[in-house]
Each structure stands twice: as structure tokens, then as C-alpha cells.
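Please read the structure below before turning to the comments.
The values are calculated or read from the model by the stated rules, or taken from the named source; none is laboratory data. All figures in this text were calculated on a predicted structure; none of them were measured in a lab. Don't worry about glycine lacking a Cβ; one is built from the backbone with ideal geometry, like all the others, and counts go over all protein chains shown. The area values use the complete protein model at the heavy-atom level, side chains included, leaving out ligands, DNA and RNA. Shrake-Rupley method; radii C 1.70, N 1.55, O 1.52, S 1.80 Å.
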Amino acid sequence: MSARKKASGAKARAGAKATRAAKTRAKTRSAAPHHHPQASLLDELVQRAKAVRDNAHAPYSRYRVGAAIATKSGRIFEGCNVENASFGATICAERGAILQMVAAGERDPIACAVVTGDDEGASPCGICRQVLSEFAKDMPVVLVGLGSRDGEIGHVVQLADLLPMAFDGSSLR
Ligand code: THU
């Protein structure tokens, strides 16, 4: 576990009585020096990701994931994981949200939330990092876990930190 993750977990435990929104705000502030959207937007993304997670189709892993992506235009797109009996055909929540965004004619994500049942939130898989990077070189990604005894614990990471040196397609042009 990274020092950063440990620190954010301890902080959240210390403030067990704080509201979820306040906790997310505290984590968001600690994510400086990167520029990030308003904490209220990140809070809304977490709520939307949490709600869509209920629709996950995860009969094989029983591991449900919800994702929500905000775009520059102010819209929010959601996705949940959709598993398949042929396991390799499974689609992750983050990619589901990106597909919704692109199908709606949008191209500019500015923030993303991923909600899981873990204690402290899980980090997006490598394929999803690459797919998110296709549309945003960098953006805040809020990772929230619903599983802790102390309530929801989240922290904000940057996409550019999750996937440094993403393949950006410039070699194809
Ligand atoms: N999963 C996601 O939805 N997003 C990720 O970033 C990691 C994994 C899903 C895929 C599969 O349905 C389940 O979690 C277990 O791997």
C-alpha cells in the first residue's frame, strides 16, 4: 500500500463522523498541486458512479464497479462493469462510461469517479487507463471504496500519474 493511500485512510478514519461529501472534499483538497474541478462536481460524480454500480452485471466475480465521467460541456456519463460467460469479453465500468460519452458525441472528459466495494477504492485497470487517456491526457480520478467499516473512503489521483507515457497515437500519423 502506498504512503499516500495509508495517509488518506487514516485521515478518513479520524473523521469518522464527517459527512461523505466533506470527506471527499478533504481528499480533493489534498490532491494539490494539480488543478481539479470543483469538489462539488467530484461529489456528484461519486454519487452517480455509486448509483450506476447497482446495475453492474457481475455474476462471475461478484465484484461490482460503477464509473461516472464529467465532460467540459457539463454532462455526466455513467458505466458499470458488464461481465460475460466468456470472461475475456467482460467490459469494465470505466470503458462503459467512455463509450456512452463518445456515442453522445462528446470528446472532452474533465473528471472521473470509480466506485467499488473495496475498503479504499480500487485503481482502474491498465486497459481502462489507456482508453481514458485517449480522450484526456490528464484529469482527476476519484477512487471510492464502499466497504470500510468507517464508511466510504475515497482519494483523488491523476490520470497522468496512473498512466505515465500513455501510447498517444502520434506514431500512427
Ligand atoms: N473491473 C472494472 O470494471 N474496472 C476496473 O478498472 C477493474 C476491473 C471489473 C471487471 C470485472 O467485471 C470485475 O471488475 C473483476 O475484474
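For this structure, a couple of remarks:
- Exclusive hit being within 13 Å of the ligand (Cβ to nearest atom), among the aliphatic types (A, V, I, L, M) and within 25 Å of ALA160 (Cα to Cα), set VAL65, VAL52: VAL65
- If you filter the range 117-130 down to residues that are in a loop (DSSP other than H, G, I, E, B) and open to solvent by 10 Å² or more (accessible area, probe 1.4 Å), you find that the one that is nearest to ASP168 (Cα to Cα) is CYS125.
- Of all residues in the range 79-109, those satisfying the criterion of being of a type in the set (Gly, Ala, Ser), more than 7 Å from the ligand (Cβ to nearest atom) and under 15 Å from ALA49 (Cβ atoms) are GLY79, GLY96, ALA97.
- Taking the range 75-87 as the range and being in a loop (DSSP other than H, G, I, E, B) and within 17 Å of the chain's Cα centre (by Cα) as the test, the residues that pass are ARG75, ASN81.
- Check on LEU146, away from the ligand (no atom under 13 Å from the Cβ) and assigned by TED's automatic domain parsing to the domain that holds ALA68: yes
- Residues of the range 117-130 satisfying the condition of being more than 10 Å from the ligand (Cβ to nearest atom) and without any contact (Cβ under 8 Å) to a residue 40 or more places away in the chain: ASP118, GLY121, GLN130
- Number of residues in the range 56-67 that are touching a Gly at 6+ places or on another chain (Cβ under 8 Å) and either more than 9 Å from ALA93 (Cα to Cα) or touching a residue at least 40 places away in the same chain (Cβ under 8 Å) (or both) equals 4.
- Close pairs (9 angstrom Cβ cut-off, 6 or more residues apart or separate chains): within 22 Å of ALA39 (Cα to Cα) and open to solvent by less than 10 Å² (accessible area, probe 1.4 Å) in the range 88-116, among the charged types (D, E, K, R) and modelled with pLDDT under 95 anywhere: VAL115/GLU152
- The range 143-154 residues that are outside any loop (DSSP other than H, G, I, E, B), paired with ones that are among the aliphatic types (A, V, I, L, M) and modelled with pLDDT of 85 or more (beta carbon under 6 Å, 6 or more apart): LEU143/VAL114; VAL144/VAL46; VAL144/VAL115; GLY145/ILE153; GLY154/VAL142; GLY154/VAL144
- Restricting attention to the range 131-173 and to residues that are open to solvent by less than 40 Å² (accessible area, probe 1.4 Å) and of a type in the set (Ser, Thr, Tyr), the residue that is nearest to VAL102 (Cα to Cα) turns out to be SER133.
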